[in-house]
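A.B. asks: Mind having a look at this structure? Questions to follow.
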Amino acid sequence: MYKCILLPTDGTEFCERALRHGIALAKLVQANVVGVTVTQPLHSALPRSLIPKNLAGVVHGETVKAADEKLGVIERLAREAGVQAEILRLSNDHPWEAIVQAAKDKRCDLIVMASHGRRGVSAVVLGSETQKVLTHSSIPVLVVR
């Protein structure tokens, strides 16, 4: 049924629940998984020449470290389940865009992602990456709550 399942994560407990679900599904249908986390690029109102060179490096290093920790969870869960996993660390101002593009690039046939369950004003104000993926993806999206 599915051959490649994309598993986006932001490292939250909600996402770990979706990761476990996606990996269990992958094992059941003998699919591979592609784990992805999306960080936002460093932006500043200051010109680059005014930012200390080591500050950008430190911020980048910490961002990479945090992303690798999130992706490490996917690697571990997939390994424990005997599921083949590929890992992607992407950077984009809009995580949903990177998720949709990664699914296309990796020829995934399903995206499994979490819903954080926000309702009311907080959902409208904060927006939902999951909602944006649902709106813009051309492949099926399974939302885990």
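A.B. asks: Is there a residue being surrounded by 15 or more Cβ atoms within 10 Å (Cβ to Cβ), over 18 Å from Gln131 (Cβ atoms) and touching an Asp or Glu at 6+ places or on another chain (Cβ under 9 Å) anywhere in the range 49-71?
C.D. replies: Of the range 49-71, the ones surrounded by 15 or more Cβ atoms within 10 Å (Cβ to Cβ) are 63, 67, 70-71.
Going one step further and asking which of them are over 18 Å from Gln131 (Cβ atoms), we end up with 63, 67, 70-71.
If we keep only those that are touching an Asp or Glu at 6+ places or on another chain (Cβ under 9 Å) as well, we get 70.
Yes, some residue in the range 49-71 is surrounded by 15 or more Cβ atoms within 10 Å (Cβ to Cβ), over 18 Å from Gln131 (Cβ atoms) and touching an Asp or Glu at 6+ places or on another chain (Cβ under 9 Å).
A.B. asks: Considering only residues of the range 82-104 that are part of a helix (DSSP H, G or I) and more than 15 Å from Val33 (Cβ to Cβ), which is most open to solvent (accessible area, probe 1.4 Å)?
C.D. replies: Filtering the range 82-104 for residues part of a helix (DSSP H, G or I) gives 95-104.
The next check asks that each one be more than 15 Å from Val33 (Cβ to Cβ); those that pass are 95-98, 100-101, 104.
On the way: Pro95: 25, Trp96: 44, Glu97: 74, Ala98: 9, Val100: 15, Gln101: 88, Lys104: 112 Å².
Only one residue tops the list, namely Lys104.
A.B. asks: So how many residues does the range 20-45 have that are part of a helix (DSSP H, G or I), among the aliphatic types (A, V, I, L, M) and buried (at least 24 other Cβ atoms within 10 Å of the Cβ)? Before you say what the answer is, go through the steps one by one.
C.D. replies: Let us first name the residues in the range 20-45 that are part of a helix (DSSP H, G or I), namely 20-29.
Going one step further and asking which of them are among the aliphatic types (A, V, I, L, M), we end up with 23-26, 28-29.
Pick out the ones that are also buried (at least 24 other Cβ atoms within 10 Å of the Cβ) and you get 23, 26.
So the count comes out to 2.
A.B. asks: Which residue pairs have Cβ atoms under 9 Å apart, sit 6 or more places apart or on different chains, and have a first residue in the range 132-144 that is among the charged types (D, E, K, R) and a second that is open to solvent by 30 Å² or more (accessible area, probe 1.4 Å)?
C.D. replies: Qualifying pairs under 9 Å: Lys132/His94; Lys132/Trp96; Lys132/Glu97.
A.B. asks: Next question, about the same structure. Please specify each residue of the range 1-48 satisfying the condition of being among the polar types (S, T, N, Q), in contact (Cβ under 8 Å) with a residue 12 or more places away in the chain and farther than 25 Å from Ser128 by Cα.
C.D. replies: Hit for the range 1-48 is Asn32, nothing else.
A.B. asks: While we're looking at this one, here's another question. I want to confirm something. Restricting to the range 105-119 and keeping residues that are open to solvent by 20 Å² or more (accessible area, probe 1.4 Å) and at pLDDT 95 or above, which single residue is nearest to Val144 (Cα to Cα)?
C.D. replies: At the first step, the residues of the range 105-119 found to be open to solvent by 20 Å² or more (accessible area, probe 1.4 Å) are 105-107, 109, 115-119.
Filter once more, so that each one left must be at pLDDT 95 or above: 105-107, 109.
Values: Asp105: 23, Lys106: 22, Arg107: 21, Asp109: 17 Å.
So the residue we want is Asp109.
A.B. asks: Do we have any residue at all in the range 54-76 that's of a type in the set (S, T, N, Q), outside any helix (DSSP H, G or I) and over 17 Å from Leu142 (Cα atoms)?
C.D. replies: Of the residues in the range 54-76, the ones of a type in the set (S, T, N, Q) are 54, 63.
Filter once more, keeping what is outside any helix (DSSP H, G or I): none.
No: zero hits.
The values are calculated or read from the model by the stated rules, or taken from the named source; none is laboratory data. On a predicted model such as this, the values are computed, not experimentally measured, just so you know. For neighbour counting, all protein chains shown are included, and Cβ atoms are generated from backbone atoms with ideal geometry for every residue, glycine included. Note: accessible area is taken over every heavy atom of the protein model, side chains too, but ligands, DNA and RNA are not part of it. Shrake-Rupley method; radii C 1.70, N 1.55, O 1.52, S 1.80 Å.
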